[in-house]
Structures are given as structure tokens and as C-alpha cells.
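Read the structure below first, then the notes.
The values are calculated or read from the model by the stated rules, or taken from the named source; none is laboratory data. Here the structure is a predicted model, which is why all the values come from computation and not from measurement. Neighbour counts run over all protein chains shown; Cβ positions are idealised from the backbone, glycine included. The protein model used for the area step is the full one, side chains on, heavy atoms only, and it has no ligands, DNA or RNA in it. Shrake-Rupley method; radii C 1.70, N 1.55, O 1.52, S 1.80 Å.
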Amino acid sequence: QKEVEQNSGPLSVPEGAIASLNCTYSDRVSQSFFWYRQYSGKSPELIMSIYSNGDKEDGRFTAQLNKASQYVSLLIRDSQPSDSATYLCAVRGGGADGLTFGKGTHLIIQP
Amino acid sequence: DTGVSQDPRHKITKRGQNVTFRCDPISEHNRLYWYRQTLGQGPEFLTYFQNEAQLEKSRLLSDRFSAERPKGSFSTLEIQRTEQGDSAMYLCASSLLWAEGYTFGSGTRLTVV
């Protein structure tokens, strides 16, 4: 059974600091990795995708992938109160199209 | 781009009744997905269409659940003989390419009483 594990939090970070969110996955043949942001009562919104080992940067967001360790992370620089949300890690395995999501990490940015 | 549209936004039904939800994907997206999300959990995959073909179904999708995408455009998800455990947010998503992430709709929140 494919599993995606995230610390549920809450993770509290001061405004302006770097927020670091982590995710591990069980399926070694996973090929695609995504981070979604979900505000309370809203649907998930795609913020980052990453497919190969290393870092991928997009504005204040950096996704990091280490396939050998089966580990994905998301860094948010210069955290803002508007970044307060639940962050969902999602993984697509080899040969399957459906994404497997973690339970999400609840991030709180303290003003 | 009108995004992914879902209807209704909310549905309250009595246990044992049938319900049907509709999803209109982004017009050029040929891939359509249904997910279910309960409080404190991540979305759980239910089923996936490429054009009109249903290519993948989760074991979560019991015989009471059926999904269609008759002309490769909008999709419907029907739940027969609803149970209280079916109460959840039902999310539809679409994408154009296999590799890319999805765009989710606003969801249909189902409450079974």
C-alpha cells in the first residue's frame, strides 16, 4: 500500500522566517511529486511540482526531492500570515495516475 | 478559463437516498479525477477518466458508487443508498498532461443525516 507521511503539526513559524515542511513516501517507483496548499474550507491549490532529484525554486517556494531517501520537502522563505494553511504532499506512483496524498501539515505564521 | 466547476456546492441528504454530483473540467483538459476528503485527512483517490474512458478505480469505490463521463466532457458521480460514512467533501480535478498536477474544483460537501 502506497503511503505518504507528513507531520500534522501545527507548525508555528514567525513572520519573515523560513518554514520547512517535510514528507516521506513509501513507493520507491514514485515519479512525480506535488505540494498543494489548502485553506480551511477550500479545495487544494497546486503550488509546486518536482520530478527529479534536487531543488526547484519558484518565487518564495523551494521544493526539494531526494529519491534515494524517499523524501520531499517544501521551504517557504519570508513567511507571510497569508501562508497559514494546510500543506498537502502528493505523490504519483509508477504506472498509476491517481495521486496519493498525505494528511497535510497545518502551518501557522505568527505575525 | 473558468476553472473546474462542481455542482452542487453543498448537499444534505437522508440516509438511504441517492445523490448525484456534477463536475465540469477545464475545457481543454482530457483527464478528470474524483477524490473524497474527510476532516483532517488528505484527499483520497476514487476514480479517473481519460476522455470518456474510466481507466482507474480505487478499492474505496464500493458498488454503491458509480461515475460516468459520457462525452468526455463533464462527469457525474452517483452514490446510491447513502450512508453516514459517505459524509465528506467530494473533489473533482482535471489536467491536460499525465505528468502535471491537477486543478481542483471547489468541491461538493455531502452531509448524510
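Counting Lys and Arg as +1 and Asp and Glu as -1, what is the net charge of the other residues whose Cβ lies under 14 Å from the Cβ of A:Gly16? Show your work: numbers first, answer last.
Details: positive: A:Arg60, A:Arg77; negative: A:Glu15, A:Asp78, A:Asp83.
So the surrounding residues net to -1.
When the C-alpha to C-alpha distance is required to be over 19 Å, the pairs from A:Lys67/B:Lys57; A:Lys42/B:Lys14; A:Lys42/B:Lys11; A:Lys42/A:Lys103 that qualify are A:Lys67/B:Lys57; A:Lys42/B:Lys14.
On the accessible surface of chain B, probed at 1.4 Å, how many percent belong to carbon and sulfur atoms? Heavy-atom surface of chain B belonging to carbon and sulfur, 1.4 Å probe: 45 percent. When only Cα pairs below 8 angstrom with a gap of at least 6 residues are kept, chain A shows a relative contact order of 38 percent. Other residues within the sphere of radius under 12 Å centred on the Cβ of A:Tyr39, judged by their own Cβ, net out at 0 (K and R +1, D and E -1). Normalised per residue, the accessible area of chain B is 51 Å², obtained with a 1.4 Å probe and no contribution from ligands, DNA or RNA.
Ligands, DNA and RNA left out, the accessible area of segment A:1-57 computed with a 1.4 Å probe is 45% carbon and sulfur.
Contact residues in segment B:87-103 by the 20 Å² criterion (accessible area, 1.4 Å probe, full protein complex versus chain alone): B:Trp98, B:Ala99, B:Gly101, B:Tyr102. Distance from the Cα centroid of segment B:42-102 to that of segment A:1-65 is 24 Å (rounded to whole angstrom). Highest average first, the peptides A:83-91, A:16-24, A:51-59 ordered by how many other beta carbon atoms sit within 10 Å of their residues are A:83-91, A:16-24, A:51-59.
Rounded, prolate or oblate: pick one for segment A:7-100, where a ≥ b ≥ c are the square roots of the eigenvalues of its C-alpha gyration tensor, a/c under 1.5 means rounded, and failing that, prolate if a/b is larger than b/c, else oblate. Prolate, since a/c reaches 1.5 and a/b exceeds b/c. Of all aspartates and glutamates in the structure, those lying under 14 Å Cα to Cα from A:Lys2, and not within fewer than 8 positions of it along the same chain, are A:Asp27, A:Asp97, B:Glu44.
Counting only residues at least eight positions apart within a chain, or on another chain, the aspartates and glutamates with an alpha carbon under 12 Å from that of B:Lys71 are B:Asp24, B:Glu52. In the context of the full set of protein chains, residues of chain A present 46 Å² of accessible surface per residue (probe radius 1.4 Å, heavy atoms only). The contact between chain A and chain B removes approximately 1600 Å² from the accessible area (both sides summed; 1.4 Å probe; ligands, DNA and RNA excluded).
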